[in-house]
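A quick write-up on the structure given underneath.
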Amino acid sequence: MYGVMFGGAGFGGLSLTEEDLQHGRYTLEPVVRAVEAAMAANRFRRGDAWLVAHQRWIALHGLVTLELGGLLGPPYEG
C-alpha cells in the first residue's frame with residue numbers, strides 16, 4: 001500500500017478527486033504540531049513549521065522509497 005499512497009504504484013485505475021486530496025493533506029498536521037513543539041523547546045530553529053514539516057515528510061518518505069526499492073547500499077541498508 002505504500003506505493004499506492006506515495007506514488008510508486010497505481011491502484012486499479014483509481015483516481016482521487018480534489019476533495020480526496022484536500023482530506024489527505026490534513027495528515028501532515030500532527031507532523032506540524034511536533035515541529036512546533038520542537039521549535040518551542042529550542043530543539044529546532046524557529047521558522048515556518050509547515051515548511052519544516054514538509055521537508056521532514058519528504059526526506060523520510062524518500063528514504064523509505066529508496067529502501068523498499070533496494071537502492072540503499074552499505075552502510076545504509078536496513
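The values are calculated or read from the model by the stated rules, or taken from the named source; none is laboratory data. Just so it is clear, the structure is predicted and the values come from calculations on it, not from any experiment. When the accessible area is computed, the model is the full protein with side chains, heavy atoms only, and any ligands, DNA or RNA have been set aside. Shrake-Rupley method; radii C 1.70, N 1.55, O 1.52, S 1.80 Å.
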Open item on the list: Condition first: modelled with pLDDT of 95 or more, at negative phi and in a loop (DSSP other than H, G, I, E, B). Now tell me which residues in the stretch 3-46 satisfy that.
Closed with: Ala41, Arg43, Phe44, Arg45, Arg46
Task: Scan of the stretch 45-78 for residues that are more than 18 Å from the chain's Cα centre (by Cα), open to solvent by less than 90 Å² (accessible area, probe 1.4 Å) and of a type in the set (A, V, I, L, M, F, W, C), ordered by number - done: Leu72
